[in-house]
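Below: one structure, written as structure tokens.
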Amino acid sequence: MPDLPKMKACLTILLLLCPLLTWPQQQPRNSQVQVARQFLLAVLGGNWDAAYQHLSPTARQQLPLPAFRTATQPIIDQARTYGPVIDLYKLGYRLREEDAIQSFVAFTYRADSLRPGPHVQLDVTFQDSSARQIQGFSIVPLRTSK
């Protein structure tokens, strides 16, 4: 027959020690803004492998690494004009006709944003608001150069 007083004593000790135990802490997930910024900084820095890893598996399947490098060339070309420093411009959701909401983060080049309205916006899209892998990216012209 179990010794109840000893079991109670052991249980009491365990309960007292529980706050002292360290449980593995889960790493906080980066926000979409952080992921988009890391992606663009990797592209602008020529770190293709790191940038490519931010893409979703579907995006990587549709855009092999050599094609990815070619697709990012316009971003690098714009950086030659406006410099590699980017600023957050906006975070939002686009409503599409097919009822699919597209989450996006848009940046501008800092030097371009100091002018009266930036020329281009670097657009990074996600599948939805909970996604942390990039679905797509593009340059969106905002006004024509004069």
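For beta carbons closer than 8 Å, sequence separation of 6+ or different chains, a first residue in region 72-86 that is over 12 Å from L40 (Cα atoms) and a second that is part of a helix (DSSP H, G or I) and open to solvent by 60 Å² or more (accessible area, probe 1.4 Å), the qualifying pairs are Y82/R110; G83/R110. Selection of helices (runs of 4 or more DSSP H) fully inside region 25-66 by the criterion of at least 1 residues being open to solvent by 20 Å² or more (accessible area, probe 1.4 Å) and of a type in the set (G, A, S) returns 48-53. Taking each residue of region 91-108 that is without any contact (Cβ under 8 Å) to a residue 60 or more places away in the chain and closer than 23 Å to L40 by Cβ and looking for partners that are open to solvent by less than 10 Å² (accessible area, probe 1.4 Å) and of a type in the set (A, V, I, L, M, F, W, C) with beta-carbon atoms closer than 6 Å, six or more apart or interchain, yields L91/V105.
Within region 86-104, can you find the residues that are open to solvent by 70 Å² or more (accessible area, probe 1.4 Å) and at negative phi?
Hits for region 86-104 are L88, Y89, K90, L91, Y93, L95, R96, E97, E98, I101.
When region 42-66 is filtered for residues that are hydrophobic (A, V, I, L, M, F, W, C) and closer than 17 Å to A131 by Cα, the ones remaining, listed by number, are A51, L55, A59.
The set of residues in region 111-130 being under 19 Å from the mean Cα position of the chain (by Cα) and surrounded by fewer than 16 Cβ atoms within 10 Å (Cβ to Cβ) consists of D128, S129, S130.
The values are calculated or read from the model by the stated rules, or taken from the named source; none is laboratory data. What you are looking at is a predicted structure, and each value in this text was computed from that prediction instead of being measured. Every residue, glycine as well, gets a Cβ built from its backbone with ideal geometry; the counts of neighbours run over all protein chains shown. Protein only, heavy atoms only, side chains kept; ligands, DNA and RNA dropped before computing areas. Shrake-Rupley method; radii C 1.70, N 1.55, O 1.52, S 1.80 Å.
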